[in-house]
Every structure is written in structure tokens, then in C-alpha cells.
1. Determine, for segment 2-143, the count of lysine pairs separated by eight or more sequence positions (or lying on different chains) whose alpha-carbon distance falls under 28 Å.
2. May I ask for the Rg/Rh ratio of the chain, computed from Cα atoms with Rh as the Kirkwood radius, given to two decimals?
3. Given only helices, namely DSSP H runs of n ≥ 4 each adding -39500 (n - 2.57), what is the per-residue ellipticity at 222 nm of the chain, to the nearest 500 deg cm²/dmol?
4. R0 = 30 Å: FRET efficiency of Thr43 with Glu70, Cβ-based, nearest 0.05?
5. Count the net charge of all other residues whose Cβ sits under 9 Å from the Cβ of Ser111, scoring Lys and Arg as +1 and Asp and Glu as -1.
6. Could you work out the local net charge near Ile91, counting Lys and Arg as +1, Asp and Glu as -1, over the other residues with Cβ closer than 13 Å to its Cβ?
7. What residues qualify as long-range amide H neighbours of Lys12, i.e. H under 5 Å apart, gap of 5 or more or another chain, H built at 1.01 Å from N?
8. Efficiency by 1/(1 + (r/R0)^6): what FRET value for Leu6 and Val96, r their Cβ-Cβ distance, R0 = 22 Å, to the nearest 0.05?
Amino acid sequence: MRCKLLNNGNQKTWALILDSGDNVMKCITEFAQKKDLSTSQFTAIGAFSEALLAFFNFETKDYNHLPVYEQTEVLAFNGNITLTEDNDIQIHAHAVLGKSDGSTTGGHVLSATVHPTLEIIITESPVYLKRHHDHETGLQLLKF
């Protein structure tokens, strides 16, 4: 994982480059902890060798897992970095992945392995947001 500060103003912006074999969610979490990020958003493009996506099922209040066991192009990958009520870093990310036959799959990103690269742009927000447990859905939702 390599990073470079692109903008050191009120809204800091970094480029974070991941390499083959890097665990995407682990790298973003470690970067957020190292830079003491509380509220940020990110976007990325690149490729994965495998991923575990998910779709939230409101009936069961749980995620249906959508494993992807093939090389894919990351057509869209975006999300946010926030803190939970316990001040733990939480990454909330969604992706659309392109398969070799031109079809796509997408969903909430639980895990993914980079191959050969993932180029992430992270922008810190000057506004502080925090996640709180929502009893109705069972999810950690943003609250102002």
C-alpha cells in the first residue's frame, strides 16, 4: 500500500494505491486509523482477483452473501469512512464489478483482494458524522 497527500487544505485528499494481494477493507481501515480519519469518502477503480459482496435482506435483517471467485474489473467502488458509537472505524463500501463476459455484479463490499491494482482517492470531510445502531434495521446508520 502506497499513499500520497494530494491536498493539505480544509478537506485533505489522498491517493492510496493498493497492489496485488492487498486486502482492500483491511488497507482502508489501517489507513483511516493511521491518519485518524473520522469522516471521509472515497472512490476507486482497478481490479479484484476475488470479492465477497452482499445484499442486505430486510426480512432477515442480515446480509445475503454474493461471492465472486474470478478476476473482475472494478467499474465503481465508493463508500465512506465513519466512526461507530464506540469510536471504531467503520468502512461502508459498495462496488460494481465487471466480469470477463461483460456482465456485472454489485453490492455491499465485505472483502476483496486486489489484482493487479486498486487506485483509491480519499477525501476527508470537514463535517463530523457518526454511526449509531438502528434498532429497526439492526444496521449502523449515520446520524447528524
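1. Lysine pairs meeting the criterion: 23.
2. Working: Rg = 15.4 Å, Rh = 15.7 Å.
Rounded to two decimals, Rg/Rh equals 0.98.
3. Values: 1 runs with 11 residues, N = 144.
Here the helix-only value at 222 nm equals -2500 deg cm²/dmol.
4. Working: r = 23 Å, r/R0 = 0.77.
Between Thr43 and Glu70 the formula returns 0.85.
5. Working: positive: Lys26; negative: Glu50.
Residues close to Ser111 contribute a combined charge of 0.
6. Numbers: positive: Lys26, Arg131; negative: Glu30, Asp88.
Surrounding charge for Ile91 is 0.
7. Answer set, sorted by chain and number: Glu124.
8. On the way: r = 25 Å, r/R0 = 1.12.
Efficiency, from the Cβ-Cβ distance: 0.35.
FYI, it's all coordinate maths here, none of it is from the lab. Fair warning: this is a prediction, and the values are worked out from it, not measured in the lab. Because the Cβ atoms are built from the backbone with ideal geometry, glycine has one as well, and the counts that use them run over all protein chains shown.
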